[in-house]
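A short write-up of the structure that comes next.
Any read-out appearing in this document is the output of simple, stated calculations on the displayed coordinates, not a laboratory observation. It should be emphasised that the depicted structure is a prediction, and the values quoted were computed from it without experimental measurement. Here the Cβ positions follow ideal geometry from the backbone for every residue, glycine too, while neighbour counts run over all protein chains shown.
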Amino acid sequence: MHEDPDDIARLQDLLDRSYAAAGDHLRVIHSPQRRLSAADLAGRLQGMRLLVVATVSPAGRPMTSPVDGIFHRGSFYFGTSKDAVRWRHLRSNPAVSATHLPSEEWAVTVHGVAVPVDTSMARPNGLRATLLEVYTPRYGPQWEQFLDSGPVYARIEAQRMFAIDITAGQ
């Protein structure tokens with residue numbers, strides 16, 4: 001887990017604020033005993049997690065697509081090609097939503113804006129180090145060359161986040 005105590009505190013504050021502003025229907029389904037804490041959520045989101053990311057076209061149409069998601073320091077990150085339609089959407093309108101739904105048992109959804117990030121800087125415990133930690137065992141040391149070849153990454157600057165484990169409190 002890459003989150004430090006400050007990251008966990010910020011994430012818990014985001015979750016608490018999100019539920020406080022949520023509608024009645026969501027709060028009934030996401031009852032307090034079913035909500036994941038920031039620490040629990042960070043513990044579950046290790047490694048690559050498939051996200052369905054929703055962007056908005058210039059015509060205002062929502063479009064979704066699967067991406068590799070990395071949860072790092074309390075935020076979701078994802079990569080794509082600078083030529084991808086989703087990247088064009090995000091450059092003109094950074095509004096984004098994403099959901100990780102690994103099963104019927106638990107899920108996390110985030111709404112916010114996509115902020116481009118630089119993956120070229122090698123810092124201990126930085127995003128680049130996390131990406132290499134996740135992908136090098138899977139694809140070999142040449143994955144670092146791929147990372148330097150031009151994919152673009154964004155952090156979802158969360159405005160709302162909801163996390164549920166429907167098996168909790170049963």
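Structure notes:
- Residue satisfying condition, being within 17 Å of the chain's Cα centre (by Cα), of a type outside the set (Val, Ile, Thr) and part of a loop (DSSP other than H, G, I, E, B), within set Ser103, Ser97: Ser103
- Filtering segment 122-170 to residues that are among the small types (Gly, Ala, Ser) and either farther than 23 Å from Val85 by Cβ or in contact with a His (Cβ under 8 Å, 6 or more places away or on another chain) (or both) leaves Ala122, Gly126, Ala129, Gly140, Ala158, Ala163, Ala168, Gly169.
- For Val115, the conditions (1) closer than 25 Å to Ala9 by Cβ; (2) under 14 Å from the mean Cα position of the chain (by Cα); (3) surrounded by 17 or more Cβ atoms within 10 Å (Cβ to Cβ) all hold with the exception of (3).
- Boolean, Leu15 is over 22 Å from Val117 (Cβ atoms), touching a residue at least 24 places away in the same chain (Cβ under 8 Å), touching a strand residue (DSSP E or B) at 6+ places or on another chain (Cβ under 7 Å) and outside any loop (DSSP other than H, G, I, E, B): yes
- If you filter segment 133-146 down to residues that are surrounded by 11 or more Cβ atoms within 10 Å (Cβ to Cβ) and either among the charged types (D, E, K, R) or in contact with a helix residue (DSSP H, G or I) (Cβ under 6 Å, 6 or more places away or on another chain) (or both), you find that the one that is nearest to Phe78 (Cα to Cα) is Tyr135.
- Set side by side, the residues His72, His25, His30 differ, and just one is surrounded by 17 or more Cβ atoms within 10 Å (Cβ to Cβ) and more than 18 Å from the chain's Cα centre (by Cα), which is His30.
- Selected residue (criterion: farthest from Asp4 (Cα to Cα)) from residues of segment 74-94 that are touching a residue at least 12 places away in the same chain (Cβ under 8 Å), in a loop (DSSP other than H, G, I, E, B) and not polar (S, T, N, Q): Lys82
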